[in-house]
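Comments concern the structure below.
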Amino acid sequence: MIEDFIKDAEQRMAKSIVSLEAAFNKIRTGRAHPSLLDTVMVSYYGADTPLNQLANITVEDARCLVVVPWEKPLIGEVEKAIMKSDLGLNPSNNGETIRVPMPALTEETRREYTRQAKAEAENARVAIRNIRRDANGSIKDLLKEKEISEDDQRRAEERIQKITDKYIASVDAHYGAKETDLLSI
């Protein structure tokens, strides 16, 4: 029973790391990357559809993305959706493809994106600590119901703490890599 709580906590902590990586992918760096457009939604026959389901997104060079819609009439809608997104991008089309140049980041925007990344990392740390608290609470409930001994409780809480430390270190490593990426010119 203790193993179930520990496995559940570890799986939930791993999901927090995946969520953090997704949040970091949304923070724009100076380089072009197709995942930057993952949040862009295009009106497609009346329904909002993710851009990556309507077009092929490739990296032309370090500072430019190329978007090729699978249906040519969509080109105007895709261009409008990219402009309306909060990414600060200015696409241009030639009738068949859309080029999305990445503007160079100023020092101020780099600092702002670093602050945003730090906030996302802190949210992930808080989520991991909350998972630890939930798991420890479940184990204390087992102790109250006399299903486990105090020694079992202490050992389980130590294991949960080790897992928590591992995932907190992973958050710190991800944040360090993102910060380095943001601050490099």
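The values are calculated or read from the model by the stated rules, or taken from the named source; none is laboratory data. This one's a predicted model, so the numbers in the text were calculated from it and none came from an experiment. Positions of Cβ are generated from backbone atoms using ideal geometry, with glycine treated the same way; all protein chains shown enter the neighbour counts.
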Quiz item: Does segment 125-133 contain at least one residue that is at pLDDT 85 or above, part of a helix (DSSP H, G or I) and farther than 25 Å from residue 27 by Cβ?
Solution: yes
Quiz item: If you check 117, 169, which single one turns out to be surrounded by 14 or more Cβ atoms within 10 Å (Cβ to Cβ) and aliphatic (A, V, I, L, M)?
Solution: 117
Quiz prompt | Evaluation of residue 39 against (1) part of a loop (DSSP other than H, G, I, E, B); (2) assigned by TED's automatic domain parsing to the domain that holds residue 125; (3) among the β-branched types (Val, Ile, Thr) (one fails), failing number | solution = (2)
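Of everything in segment 6-38 that's among the hydroxyl-bearing types (Ser, Thr, Tyr) and out of contact with any Leu (no Cβ under 8 Å at 6 or more places or on another chain), which residue is nearest to residue 182 (Cα to Cα)? Break it down stepwise before answering.
Of all residues in segment 6-38, those among the hydroxyl-bearing types (Ser, Thr, Tyr) come to 16, 19, 29, 35.
Next, from what is left, pick out any that are out of contact with any Leu (no Cβ under 8 Å at 6 or more places or on another chain): 16, 19, 35.
Working: 16: 22, 19: 19, 35: 16 Å.
Taking the candidates together, the pick is 35.
If I ask for residues that are in a helix (DSSP H, G or I) and under 11 Å from residue 2 (Cα atoms), which ones from segment 144-185 would you list? Explain how you work it out, then say what you get.
Kept after step one, since they are in a helix (DSSP H, G or I), are these residues of segment 144-185: 144, 150-183.
Answer for segment 144-185, where residues must be in a helix (DSSP H, G or I) and under 11 Å from residue 2 (Cα atoms): 152, 153, 155, 156, 157, 159, 160.
Condition (residue is closer than 25 Å to residue 167 by Cβ and of a type in the set (Lys, Arg)) applied to segment 20-30: is it met by at least one residue? So that I can check it myself, show each step before the final result.
Looking only at segment 20-30, we keep the residues that are closer than 25 Å to residue 167 by Cβ, and these are 20-27, 29.
Narrowing the set further to residues that are of a type in the set (Lys, Arg) leaves 26.
Among the residues of segment 20-30, at least one is closer than 25 Å to residue 167 by Cβ and of a type in the set (Lys, Arg), which makes the answer yes.
Before we move on, is residue 104 at pLDDT below 85, surrounded by 15 or more Cβ atoms within 10 Å (Cβ to Cβ) and out of contact with any helix residue (DSSP H, G or I) (no Cβ under 8 Å at 6 or more places or on another chain)? Write out each step before concluding.
On the way: at pLDDT below 85: yes; surrounded by 15 or more Cβ atoms within 10 Å (Cβ to Cβ): no; out of contact with any helix residue (DSSP H, G or I) (no Cβ under 8 Å at 6 or more places or on another chain): yes.
Spelling it out, it is not the case that residue 104 is at pLDDT below 85, surrounded by 15 or more Cβ atoms within 10 Å (Cβ to Cβ) and out of contact with any helix residue (DSSP H, G or I) (no Cβ under 8 Å at 6 or more places or on another chain).
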Self-check item: Close pairs from segment 152-163: first in the same structural domain as residue 131 (by TED's automatic domain parsing) and of a type in the set (Ser, Thr, Tyr), partner surrounded by 15 or more Cβ atoms within 10 Å (Cβ to Cβ) and in a helix (DSSP H, G or I), Cβ under 7 Å, at least 6 apart
Solution: none
Quiz prompt | Residues of segment 64-96 satisfying the condition of being surrounded by fewer than 16 Cβ atoms within 10 Å (Cβ to Cβ), without any contact (Cβ under 8 Å) to a residue 40 or more places away in the chain and part of a loop (DSSP other than H, G, I, E, B) | solution = 70, 71, 86, 90, 94, 95, 96
Practice problem: Could you list, in sequence order, all residues of segment 117-136 that are within 21 Å of residue 6 (Cα to Cα) and of a type outside the set (Gly, Ala, Ser)? | Solution: 125, 126, 128, 129, 130, 131, 132, 133, 134, 136
